[in-house]
1. If packing is taken as the mean number of other Cβ atoms within 10 Å per residue, what is the order of 227-234, 20-27, highest first?
2. At 222 nm, what value in deg cm²/dmol follows for the chain if DSSP H runs of at least 4 each add -39500 (n - 2.57) and the sum is divided by all its residues, to the nearest 500?
3. If I model a spin label at residue 110 and residue 244 as a point 7 Å from the Cα along the Cα→Cβ vector, what separation in nanometres do I get?
4. Please work out the FRET efficiency for the pair residue 207 and residue 74, using the Cβ-Cβ distance as r and a Förster radius of 51 Å; give the result to the nearest 0.05.
5. Across region 26-38, in residue order, what do the Karplus-derived ³J(HN,Hα) couplings come to in whole Hz, using 6.51 cos²θ - 1.76 cosθ + 1.60 with θ = phi - 60° and x for Gly and Pro?
6. Taking the alpha-carbon distance from residue 131 and a cut-off under 12 Å, which aspartates and glutamates remain once sequence neighbours fewer than 8 residues away in the same chain are dropped?
7. Could you list the residues of region 187-201 with an amide nitrogen less than 17 Å from a label point located 7 Å from the Cα of residue 215 in the Cα-to-C-beta direction?
8. Roughly how many nanometres apart are two label points built 7 Å out from the Cα toward the Cβ at residue 55 and residue 40?
Amino acid sequence: MDLGISGKKALVTASTGGIGMAIATQLAAEGTTTIVNGRNEASVENATARIREVLPNAVLVGLAADNSTAEGIAQTVEAHPDVDILVNNLGIFEEIDYFDLTDDAWRHIFEVNVMSGVRLTRHYLKPMLEKNSGRIIFISSESGVTPAPEMAHYSMTKTAQLAISRSLAQLTKGTNVTVNSVLPGPTLTPGVEEFVVGLFPDEDPGTAQRRFMVENRPLSLIQRLIDPAEIANLVAFIASPRAAAINGAALRSEGGIVPTIS
């Protein structure tokens, strides 16, 4: 299926690995000019090289900027004042007992996971509305609707993203601009793999992953970690004209962990 986004310019934050890199790869495969973003030149160069291994003709633009900071955002929008597709993928997670969470930990994760998307969208949404075209996608999490007790601060940021996304979608009323959220479940990224192995250090990675799903995510219907490409496929569709009627939505791609219909 031709998604009709060839020639569009897409910015995917934190796209040097994991879900972000899978999204950047899929958007590039659809013919977009894809901005590959990481905090330093080395990671960006490595990611673009890896994408070109599978897509030799991909149109990629490297962007070394820390979009968790106001300074990094300023650098990003100066280099790329206008984009057609913005994927707010930047985010961090960690398992910490609630009673060990400091005020600084709460502030830091909010700054990274929430304010990065707020600042970028504050810049890019208005030009999209003016030209009556554009897509903004927040990468949230199933933790945004089923908060994880071992990651209360992370869950808070993912719920915040859902509220922000829906609020911004209201601003697009009557236009061809959409703002949506995608909610991945546990996904097989390097960070999650390391996290899971840390929970079950005596097991091989495959066994650790199966135990994690059975013991820590028993409501999952697929009972496996999700392939980042599976998230990327949904994001590419939402970024396309074929998803024009989807706006203000929180789209679940979490393997059935959320035990509700809505």
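1. Numbers: 227-234: 18.9, 20-27: 27.1.
Result, highest mean first: 20-27, 227-234.
2. On the way: 9 runs with 107 residues, N = 262.
Taking each H run of at least 4 residues, the total per residue is -12500 deg cm²/dmol.
3. Modelled inter-label distance: 4.0 nm.
4. Numbers: r = 46 Å, r/R0 = 0.90.
Efficiency for this residue pair is about 0.65.
5. These are the phi-based 3J(HN,Hα) values: 5, 5, 5, 5, 7, x, 7, 7, 10, 8, 8, 10, x Hz.
6. 82, 84
7. 193-201
8. In this crude label model, residue 55 to residue 40 measures out at 2.6 nm.
Every read-out reported here was derived from the displayed coordinates using simple, explicitly stated rules and does not represent laboratory data. Model, not experiment: these values are computed from the prediction. Positions of Cβ are backbone-derived with ideal geometry, glycine not excepted, and every protein chain shown enters the neighbour counts.
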